[in-house]
1. Consider Lys135 against the criteria (1) part of a loop (DSSP other than H, G, I, E, B); (2) over 20 Å from Phe102 (Cα atoms); (3) open to solvent by less than 60 Å² (accessible area, probe 1.4 Å): it satisfies all of them except one. Which criterion is unmet?
2. Across the stretch 186-227, which residue is nearest to Leu130 (Cα to Cα) among those that are among the aromatic types (Phe, Trp, Tyr) and assigned to a helix (DSSP H, G or I)?
3. Could you check how many residues of the stretch 77-131 are under 27 Å from Gly228 (Cα atoms) and open to solvent by less than 20 Å² (accessible area, probe 1.4 Å)?
4. Just to check your reading of the model, which residue among Lys64, Lys52 is basic (Lys, Arg), at pLDDT 85 or above and either open to solvent by 90 Å² or more (accessible area, probe 1.4 Å) or at positive phi (or both)?
5. Looking only at the stretch 192-210, how many residues end up being under 23 Å from Glu121 (Cα atoms) and open to solvent by 60 Å² or more (accessible area, probe 1.4 Å)?
6. Given the stretch 139-185, what helices (runs of 4 or more DSSP H) lie entirely inside it while holding 2 or more residues that are open to solvent by less than 60 Å² (accessible area, probe 1.4 Å) and touching a residue at least 24 places away in the same chain (Cβ under 8 Å)?
Amino acid sequence: MKKSKLVGSFTLLVVLLLGSLIMIIPFVWMLLTSFDWAARLNIPFPPRFWPKDFSTRTYELAFKNIPMLKYMINSGIISIGVIFVSMMSALLSGYAISKLRFKGSMIVLVLALSTMMIPFEMTMIPQYLLFAKIKLLDTYWAFYLPALNYAFGTFLAKSFIDQLPSTLREAAIIDGAGEFRVFFKVYFPLCIPIIATMTILQFLGVWNDLLWPLLALKTPDKYTIQLGLAMFTYNKNQPLPSIIMAATTVSLIPVITLYLFLQRYIVESIALSGIKQ
């Protein structure tokens, strides 16, 4: 019995290690290629995992030719706004469905989740025409307003708040607190783990988005980091792979930093969501 359990654990470990390698190798190759001055014109084939001509000039040229800092600030402004709007919308709606249990609350949840079955490619043209009609294209409002509908966040918030005791709300109401005060003073501080989860999920989606910024933004000074990199690649006659790799590596730093900072809360939210009362 112990031997079969040991074999199963070893097999699982091998599978997890292989899966980790498959995920990590492309990032390692990107990082090492970004330091390869010999790969500034063409991607080497077969791929090499150590720079032939190690140099940091690729990063110097990336910052010289691409306004990286401006693009990253633009992406940060959009990401922070979208995260705030979507998070508040999801938490408030999740709290209402979980604790208020108004008539038809589950129907509202199902209808909200059903919007997730509609791909963005089907709604982007009507959305573009709508924002063009109300003259909000080329503004950050074109990102903030759609974030009001964060159905997956509502589902996450509702599932998480379901695990929190309803007696907290009852006690606060007895003390004279209104619903908004109950939410912000009692439940909101307890929702930090799920807030962290929604933050990293939304940040990844917004920071890496290319299609909607390509449609919504016209002014180069307002470009996001992904759109700026795409425009730089498109406007060059040569691909300049190592310089693009250097710029892409820099663009990943905020994502990795945020994930490492919030990782503990994400694990906590997953663990708490599995607790049955």
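1. Checking Lys135 against (1) part of a loop (DSSP other than H, G, I, E, B); (2) over 20 Å from Phe102 (Cα atoms); (3) open to solvent by less than 60 Å² (accessible area, probe 1.4 Å), the one that fails is (3).
2. That would be Trp212.
3. Count: 6.
4. Numbers: Lys52 fails: at pLDDT 85 or above.
Step by step, each of Lys64, Lys52 is checked, and only Lys64 is basic (Lys, Arg), at pLDDT 85 or above and either open to solvent by 90 Å² or more (accessible area, probe 1.4 Å) or at positive phi (or both).
5. So the answer is 4.
6. Counting at least 2 such residues, we get 141-144, 151-162.
The rows are residues; the columns are (1) in a helix (DSSP H, G or I); (2) under 27 Å from Val255 (Cβ atoms).
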| residue | (1), (2) |
| --- | --- |
| Met30 | yes, yes |
| Ala38 | yes, no |
| Trp50 | no, yes |
| Tyr59 | yes, yes |
| Ala62 | yes, yes |
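The values are calculated or read from the model by the stated rules, or taken from the named source; none is laboratory data. Just so you know, these numbers come straight off a predicted model, no measurement behind them. All Cβ positions, glycine included, derive from the backbone under ideal geometry; neighbour counts span all protein chains shown. Surface accessibility is based on the protein's heavy atoms, side chains included, excluding ligands, DNA and RNA. Shrake-Rupley method; radii C 1.70, N 1.55, O 1.52, S 1.80 Å.
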